[in-house]
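Accompanying notes for the structure given below.
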Amino acid sequence: MRRIELPIPAQCADNNSSAACDVCVRDSLAGVPGIMHIEVLPSANMVTLDIDPARFDAALLPKLQEWGACAMLQSLADAVGPRSRLSNAIGWLVRNDEVGLVVMSGILLLSGYLTHILGGPYWVRVALLIGSALTSSTRTFPEALHILRRFRLDVDVLMFAAAIGAASLQHYEEGALLLFLFGLGSAGEELALGRARRAIESLTTLAPDTAIRLDDAGNETTVKADVLKPEDRILVRPFDRIAVDAQVAEGASDVDQSSITGESVPVAKKTGDDLFSGTLNGEGRLVARVLRPTSESTLARVIHMVEEAQDQKGATQRFTDKVEAVYVPLVFLATLVLIVLPPLLTNVPWGLTFYRAMAFMTAASPCALAIGTPAAMLCGVARAARMGVLVKGGAHLETLARVKAVALDKTGTLTEGHPSVRHIVTIAGLTDDRALALAAAIEQHANHPLGTAIVGAAKARNVELPTADDVQQRAGLGITGVIDGRAFAVGKTEVGGDLAQWPAELRQAVETLRSTGHTLVAIAQDGVAVAIIGLIDQPRPTARQAVAALRAAGATHIAMLTGDHPSAAASIARTLDITDVRANLLPEQKLQIIDEITKQYGPVAMVGDGVNDAPALAKAAVGVAMGAAGTQVAMETADLVLMGHDLSRLADALRLAQRARRTVMQNLVIALGVICVVAPLAALGHTSLGIAVLLHEGSTVVVVLNALRLLRMKA
């Protein structure tokens, strides 16, 4: 590792802000192979880079025209120095030493084979082939020994037994070829699966190691992120990645949360809003208060749960593991039968039957069968994490693929989760803004969700609020106050007296708004109703499209489950095109409905907030927590966690699960196809050991590459 310090180009530093410089450097260099860490220090006019020279390729640096960054990138290229393709290839082999050893094994194998066909010395041929066998077995041979010490059999033992058998018949090249291809397949599997693991591990690089801490006087100090404590204040500069979970104390900015929630559109953040570690600040400058240490951050919990998910096996994988435990000893037994029985019953020579048995053992080995399912599930879990969906194991991914019915909680899942002012109806002579100002002037002295919504609506309209005096709560009715010498009451319709005596336009508005599920707040002046405000928990902007996406992804039945009033639930359902609406539900009633839907449609995915829907989430075949970023309870309750509030991610996860299941089935067909076709042919002598080796190891590589396609699946 080399640390290089480069000056920021003069034209970049002079003509642009530090924010622009940050964007230039990070967007240009992030992801370039070999650049391990980037730190931009505009105050020092310097960029610090940690570089792995073995991986760095200057030719991959983009040619920027903005901000004069080309000069800096050229300085970087000059500092590291140009590298040829050959040196890049050698560097790659050095980093992937197992592949490098297998390549060396291939060279020795080819040399030994050429020595043989050209009539070279026998001892040179054997020495080269032994060297090939040894260099290709540095990983597989210790694993085989470990299994034998435990008095068990597996595919590693099968392969070495076949290679030793071939060598005993003086088929040295075929034995070495078997070990070479087996080693190549093993190295390829590790290399390929490493991509899936790196896709998960790369999450750890999202949060920077350092942060800028502010003391009481506002002085800035760069510190390690892991030393930050709750209540510490940090500065988040424009285009900085956020190091810890925090809450905005000063400033406003749009923050890119796609790394955590999968939301493609930056989210506006203001004072009081939460920030998640690993997310990217926009153009605004933020001062934030640390909420929790790095070890307990949202990003840390996501990484921990994804790592745990790797160890959880799905039903198919558990089945193949059980089959392998019985199947491998049966292959050994069948091999012994093929060696012993034919010479006793026919005139086939012992050597020939032994050779055929080795070919059979190779072809019948379940390598592809063993790796096909876990590879697909690991890639599926990794891809889901990148989409902002946390899947807690292959078992849940498999179950999700079979889901045909989805039950959705309303409040906070399909809707915003809080009321907002939707309609204002007034008597003649009173404007909407004046009515809103009167209500907000009184409600700002209370602490009620409806009052908060009214005050928020007044602020959004920039309505000037009058002064309210003698504000008093009236239990179960509302709140009263005096404005400009007149007595006003805000609350239930009862504050305006008998509804039958209300002005006609207000009575009609009450009936209309109630029928569409609105919550009503009345405004009365001197005991007479003068205005009505209709509030409703509005559907999320993406909810209708998300419901349609679920249907397109294969969900044949979608139900809404809510404890809300039937009229409010029906209004939301009509907007979202949901026909099965269950309202006025208690938690235990939701459980009964989950059972009912399961009996009719099969496995059900229940989507809720992970707190008050916990029983239903646990009862459903797949429990899905919605908008769970930063919520420990939601993460622990559900089988799947949608880190953001974008319900369309569930449809993406459903399609991913279905594709992962298809990939598993394809891998099983490939693996079993090779075994069922090639093994009998080898036993009958119609396939040579070399062909059996090529087909067997080829199928292993194919199933891994097939699984890796999941990492490229588009959301």
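The values are calculated or read from the model by the stated rules, or taken from the named source; none is laboratory data. Since this is a predicted model, take the numbers as computed values, not measurements. No Cβ is skipped: glycine too gets one built from the backbone with ideal geometry, and neighbour counts run over all protein chains shown. Note: accessible area is taken over every heavy atom of the protein model, side chains too, but ligands, DNA and RNA are not part of it. Shrake-Rupley method; radii C 1.70, N 1.55, O 1.52, S 1.80 Å.
Counting just the residues of region 449-462 that are surrounded by fewer than 18 Cβ atoms within 10 Å (Cβ to Cβ) and of a type outside the set (Lys, Arg), which one comes out farthest from the chain's Cα centre (by Cα)? Restricting to residues being surrounded by fewer than 18 Cβ atoms within 10 Å (Cβ to Cβ) and of a type outside the set (Lys, Arg), the top hit is ASN462.
ALA625 fulfils the conditions (1) modelled with pLDDT under 90; (2) in a strand (DSSP E or B); (3) over 13 Å from GLY412 (Cβ atoms) except for a single criterion, (3). Restricting the first member to region 677-705 and to residues that are surrounded by 16 or more Cβ atoms within 10 Å (Cβ to Cβ), and the second to residues that are not in a helix (DSSP H, G or I), the beta-carbon pairs closer than 7 Å and six or more apart or on different chains are VAL678/THR687; LEU681/THR687; LEU689/HIS171; HIS696/SER365. Taking the condition outside any helix (DSSP H, G or I) and more than 45 Å from the chain's Cα centre (by Cα), does ALA446 pass? No: the conditions fail for ALA446. Among the residues making up region 488-515, those that are in a loop (DSSP other than H, G, I, E, B), in contact (Cβ under 8 Å) with a residue 24 or more places away in the chain, over 15 Å from ILE424 (Cβ atoms) and not basic (Lys, Arg) are GLY497, TRP502. Report, by residue number, each residue of region 222-242 that is at pLDDT below 90, part of a loop (DSSP other than H, G, I, E, B), of a type outside the set (D, E, K, R) and open to solvent by 10 Å² or more (accessible area, probe 1.4 Å). Selection gives PRO238, PHE239.
Does region 404-436 hold any residues that are part of a strand (DSSP E or B), open to solvent by 70 Å² or more (accessible area, probe 1.4 Å) and not basic (Lys, Arg), and which are they? Within region 404-436, just HIS423 meets the criteria. Does THR663 fit the bill of being crowded, with 23+ Cβ neighbours inside 10 Å and at pLDDT 85 or above? It is true that THR663 is crowded, with 23+ Cβ neighbours inside 10 Å and at pLDDT 85 or above. Tell me, which residue of region 97-150 that is β-branched (Val, Ile, Thr) and over 47 Å from the mean Cα position of the chain (by Cα) is most open to solvent (accessible area, probe 1.4 Å)? Among them, the one singled out is ILE117. Candidates are the residues of region 243-263 that are assigned to a loop (DSSP other than H, G, I, E, B), at pLDDT 85 or above and out of contact with any Gly (no Cβ under 6 Å at 6 or more places or on another chain); the one that is nearest to VAL641 (Cα to Cα) is ASP245.
Would you point out the residue of region 365-401, among those that are among the hydrophobic types (A, V, I, L, M, F, W, C) and not in a helix (DSSP H, G or I), that is surrounded by the fewest Cβ atoms within 10 Å (Cβ to Cβ)?
Within region 365-401, the match that is surrounded by the fewest Cβ atoms within 10 Å (Cβ to Cβ) is MET387.
The residue of region 591-611 that is least open to solvent (accessible area, probe 1.4 Å), among those that are polar (S, T, N, Q) and under 26 Å from ARG655 (Cα atoms), is THR598. Take the residues of region 666-715 that are outside any helix (DSSP H, G or I) and hydroxyl-bearing (Ser, Thr, Tyr): which is modelled with the highest pLDDT? Among those that are outside any helix (DSSP H, G or I) and hydroxyl-bearing (Ser, Thr, Tyr), it is THR687.
Scanning region 161-171 for residues that are assigned to a helix (DSSP H, G or I) and either surrounded by fewer than 21 Cβ atoms within 10 Å (Cβ to Cβ) or of a type in the set (A, V, I, L, M, F, W, C) (or both) returns ALA161, ALA162, ALA163, ILE164, ALA166, ALA167, SER168. If you go through region 581-590 one residue at a time, do you hit one that is under 31 Å from the mean Cα position of the chain (by Cα), touching a residue at least 12 places away in the same chain (Cβ under 8 Å) and surrounded by fewer than 20 Cβ atoms within 10 Å (Cβ to Cβ)? The answer is yes; a qualifying residue exists.
Yes or no, residue by residue, for (1) without any contact (Cβ under 8 Å) to a residue 24 or more places away in the chain; (2) within 30 Å of LEU400 (Cα to Cα); (3) of a type in the set (Val, Ile, Thr); (4) surrounded by fewer than 21 Cβ atoms within 10 Å (Cβ to Cβ):
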{"residue": "VAL530", "(1), (2), (3), (4)": "no, no, yes, no"}
{"residue": "PRO539", "(1), (2), (3), (4)": "no, yes, no, yes"}
{"residue": "ARG544", "(1), (2), (3), (4)": "no, yes, no, yes"}
{"residue": "ARG551", "(1), (2), (3), (4)": "yes, yes, no, yes"}
{"residue": "LEU561", "(1), (2), (3), (4)": "no, yes, no, no"}
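For GLY630, the requirement of being at pLDDT below 80 and open to solvent by less than 40 Å² (accessible area, probe 1.4 Å) is met.
In the set (1) in a strand (DSSP E or B); (2) modelled with pLDDT of 90 or more, the condition left unmet by GLU596 is number (1).
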